[in-house]
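Remarks on the structure that follows.
The values are calculated or read from the model by the stated rules, or taken from the named source; none is laboratory data. Please read all numbers here as calculations on a predicted model, not as lab measurements. Glycine also receives a Cβ, built like all others from the backbone with ideal geometry; neighbour counts cover every protein chain displayed. With ligands, DNA and RNA removed, areas are computed over all heavy atoms of the protein, side chains included. Shrake-Rupley method; radii C 1.70, N 1.55, O 1.52, S 1.80 Å.
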Amino acid sequence: MSGFAGSPAKHGRSYYEARGDVVWEVPMDEKWIALTFDDGPSPKATPQILDLLKQYKAKATFFVIGYRLDKYPEIAAREAAEGHEVANHTDSHVYFRGGISEKTIAAEMDNVQKKIKAITKHSSPWFRPPGGYYNDTVIRIAKQHGYTIVLWSWHQDTKDWNSPGTGKIVNKVLKNARNGDIVLLHDYVSGSNQTIEALKIILPELKKRGYRMVTISELMAHQKQRSFRNSQ
């Protein structure tokens, strides 16, 4: 392949959302919500997060980076074994903002996919570009390689990567929780345990409110089932 991913997306969110090119959230009547964690695996934080998820019978989707998978494959294997989803977040956490060749974009996606499949025995249909940077070229390549781009609900960007304080992370999630939300969190934040501390409050409270915490695949499959059912 030739060419570069230099131009910004040509259309607004509604265009890509309607075409199913990019997913921000999956509105529904049922109280389902998807917690997602970027940038791991982390040998320190991820096991603690997995313990908390198990405690509250919650499932999540982990958007992993390839070079960290190389270091900690056993953590990704545990994620999959415990019913969570391991999804694609590029091999080296490169931002697709310009000057990136199509060949590089494809390799960043496919290298991780091979690692995920080798570790978990499953391929992931979900791709999240670092920083949420995408354009028409990235969307086209993702589709060609069998991925749907999954971002996050705009009202559920916790910015936990910037260590804003445990309270701010908690408030962002709980004050804005809606059915079908996709929540952005991180299981690798250098020098911070705020996400873990926040989850100790978020998980029991969401459960108390009646939310079912599911993987992206579960959220998307539920949407399709509802759409089909409602069309009858």
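Ranked from largest to smallest solvent-accessible area, with a 1.4 Å probe on the protein heavy atoms, Ile149, Ile119 come out as Ile119, Ile149. In straight-distance terms, cross-link reach from Lys175 covers every one of the lysines whose alpha-carbon lies under 30 Å from its own, apart from those fewer than eight places away in the same chain; here that gives Lys31, Lys44, Lys54, Lys57, Lys59, Lys159, Lys200, Lys207, Lys208, Lys224. Charge tally for Thr158 (other residues, Cβ to Cβ under 10 Å; Lys, Arg +1; Asp, Glu -1): +1. Taking amide H as placed 1.01 Å from N in the peptide plane, Trp32 has its amide H under 5 Å from the amide H of Gly180, Arg212, each at least 5 places away in sequence or on another chain. Taken over the chain, the alpha-carbon convex hull comes to 123 cubic angstrom per residue.
Here the calculated FRET efficiency for Ala107 and Lys207, from their Cβ-Cβ distance with R0 = 35 Å, stands at 0.30, rounded to the nearest 0.05.
Would you mind counting up the charge near Asp110? Only other residues with Cβ under 11 Å from its Cβ, with Lys and Arg at +1 and Asp and Glu at -1. Result for the local shell: +2. Once each of the GluC sites (Glu not before Pro) sitting in a DSSP loop with at most 14 other beta-carbon atoms within 10 Å is removed, the chain keeps 83-232 as its longest stretch. Between His11 and Arg178, the simple label model (points 7 Å from Cα in the Cβ direction) yields a spacing of 2.1 nm.
Could you tell me which of Pro130, Gly180, Asn162 has its Cα farthest along the dipole of the chain towards the positive end, charges placed at Cβ (Lys, Arg +1; Asp, Glu -1), taken about the Cα centre? Most positive-ward Cα: Gly180. Accessible surface comparison of Arg78, Arg140, Arg68, probe 1.4 Å, protein chains only, largest first: the order is Arg140, Arg78, Arg68.
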